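This report concerns only the one structure given below.
The values are calculated or read from the model by the stated rules, or taken from the named source; none is laboratory data. Quantities reported herein were computed from a predicted structural model and do not represent experimental measurements. Neighbour counts run over all protein chains shown; Cβ positions are idealised from the backbone, glycine included.
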Amino acid sequence: MFNVNTIQFIITLITLLLIYLVTVSLAGLTRAWVAKQMGDDGPEEAGFLTLNPVPHVDPVGLLITFLSYAMEWGLFGVFGWGTYFPIDTDAIHGRLRSVKVALALFSDTLCHMACAITGLVTIVGIFGEKAVRLTVDHAALTQQLSHLSSLTVTVTFIGVVFIYFNIMLAGLSFIINAYRTLMKYLFENHPELFEYHGFLTFALLLLFIFFFAAPMRLLIVHLILKGASIIAYLLGLGH
């Protein structure tokens, strides 16, 4: 027989799977679409200009998503990623090239932030100021919303996890994109560094993530809260 904790654990894993598929597909599609608009057709030709989750799912990133939760890090510590594909900045030309390149490189980060803001504004519209106190723990959320139906609690839980997961991916994608851009510049201007390619593109990247993931996540949270507050105010929500 399944006990309550086991059922809640299974519900959370299913929720994570659904949110992972939706999130990485939206971000991957956005990155491929923006790249095409800026002049790089590579992502489209590689099959990323689609909402089909298959090309966007990174098996290791999905596994890490599950393991990071199963290891009792909690949803605050969930860590994962989708398939990364590079942007050919040399294919981007024309006026405001620097702006176009930046948009193409960081479009997935902006997509994650937009998803988190949309989710937060929606929850604020439903629960008002109580939204900021909603937890990502399913059992605790059930107690917080004990006056609501189980279906409403489950949908709310999905929304809250969606927000947190996109916050995590926004910070992670920004670090990865910024780091890979830096490495591309270094290799092009200092070819002698290419002999350290393995270390610079993998080991050092892990160190960057380790040291900058937490502060970047805090910055993303601040920006998302500010953005959501402004939008909610303009829409007359949360009063």
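Brief remarks follow.
- Meets criteria (at pLDDT 80 or above and of a type in the set (F, W, Y)) for F199: no
- Contacts under 8 angstrom Cβ, first residue in segment 192-208 being farther than 17 Å from Y84 by Cβ, partner in a helix (DSSP H, G or I), 6 or more apart: L193/L186; L193/F187; L193/L200; F194/F187
- Some residue of segment 83-90 being surrounded by 12 or more Cβ atoms within 10 Å (Cβ to Cβ), closer than 22 Å to M216 by Cα and charged (D, E, K, R): no
- Of all residues in segment 140-166, those being surrounded by 13 or more Cβ atoms within 10 Å (Cβ to Cβ) and over 19 Å from G125 (Cβ atoms) number 2.
- Residue match in segment 26-35 (condition: of a type in the set (V, I, T), assigned to a helix (DSSP H, G or I) and modelled with pLDDT under 95): no
- For segment 1-20, a residue qualifies if it is surrounded by 18 or more Cβ atoms within 10 Å (Cβ to Cβ) and either without any contact (Cβ under 8 Å) to a residue 40 or more places away in the chain or not hydroxyl-bearing (S, T, Y) (or both), and the qualifying residues are L16, I19.
- Residue within segment 211-227 that is crowded, with 17+ Cβ neighbours inside 10 Å, free of Cβ contacts under 8 Å to residues at least 40 places away in the same chain and more than 15 Å from C115 (Cα to Cα) present: yes
- Qualifying positions in segment 210-239 - assigned to a helix (DSSP H, G or I) and either of a type in the set (F, W, Y) or modelled with pLDDT under 80 (or both): F210, F211, F212, Y233
- Of all the residues in segment 148-177, those that are without any contact (Cβ under 8 Å) to a residue 24 or more places away in the chain and either assigned to a helix (DSSP H, G or I) or touching a Pro at 6+ places or on another chain (Cβ under 8 Å) (or both) number 5.
- Residues in segment 21-46 that are surrounded by 22 or more Cβ atoms within 10 Å (Cβ to Cβ) and in contact with a Pro (Cβ under 8 Å, 6 or more places away or on another chain): V24, G28, R31, A32, A35.
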